Amino acid sequence: MVSFSSKHGIVRKTPAELYMGFADMRNFIAMLPEDKRGDITADYDTLNATVQGFSIGVKVKERIPYSKIVLVDNGAPFGFSVNFNFEPSDAHFTDFSIDVEADLNFMMKTLLAPKIREALDKVVDTLAQM
């Protein structure tokens, strides 16, 4: 199992506001550019996508209101979990971070590790700039 952690970013929303955006998997589709939405389906608890010929599914394992959401693989080519962490920074801001654990073999780790870290930090940066 390989672990990745994003940097922390301060988001200009309360933990409750930010959490609610992540709580419903259908919201993830709305965050994507229009041309990337075609191969993705979602309901409240699950999201399924086809990326470069691979089918990847995720489902919500746990929701701890306004502090954490845990996603796990649901029909992906490898096991993984993703934790979205929402910590109050002050009355109107959230310290947001993402932790990922993935069951990657050596080749997948070598190819994907830098891209995973970069993607996690990009999500945090994007939210912090809102």
Chymotrypsin sites (Phe, Trp or Tyr not before Pro) lying in DSSP loop within the stretch 58-130, provided at most 14 other Cβ fall within 10 Å
Phe78
Once phi is turned into θ = phi - 60°, what whole-Hz ³J(HN,Hα) does the Karplus curve with 6.51, -1.76 and 1.60 give for every residue of the stretch 107-113, x standing for Gly and Pro?
5, 5, 4, 4, 6, 9, 3
Please go through the residue pairs Lys36/Lys61; Lys68/Lys109; Lys13/Lys36; Lys13/Lys115; Lys13/Lys68; Lys36/Lys122 and name each one whose alpha carbons sit more than 23 Å apart in this structure.
Lys36/Lys61; Lys68/Lys109; Lys13/Lys36; Lys13/Lys115
How about the stretch 9-50: which chymotrypsin sites (Phe, Trp or Tyr not before Pro) there lie in a loop by DSSP and see at most 11 other Cβ atoms within 10 Å?
Tyr44
Two-site label geometry, Glu101 and Lys115: point separation in nm, points 7 Å out along Cα→Cβ
2.4
Where does each of 32-41, 111-120 land if you order them by average Cβ count within 10 Å, highest first?
111-120, 32-41
I'm spelling it out carefully: the read-out is Rg/Rh (Cα atoms, Kirkwood Rh), the candidates are (i) 0.96; (ii) 1.08; (iii) 1.01, and one was derived from this structure. Which label?
(i)
Taking 0.36 nm per residue of sequence separation and subtracting the Cα-Cα distance, how much length would be gained by fully extending the chain between Phe78 and Arg12, in nm to one decimal?
20.3 nm
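Values quoted throughout were computed directly from the atomic coordinates according to the rules given, and no laboratory measurement underlies them. From a predicted model like this one, the values you see are computed outputs, not experimental measurements. Cβ coordinates were reconstructed from backbone atoms using ideal geometry, including for glycine residues, and neighbour counts include every protein chain displayed.
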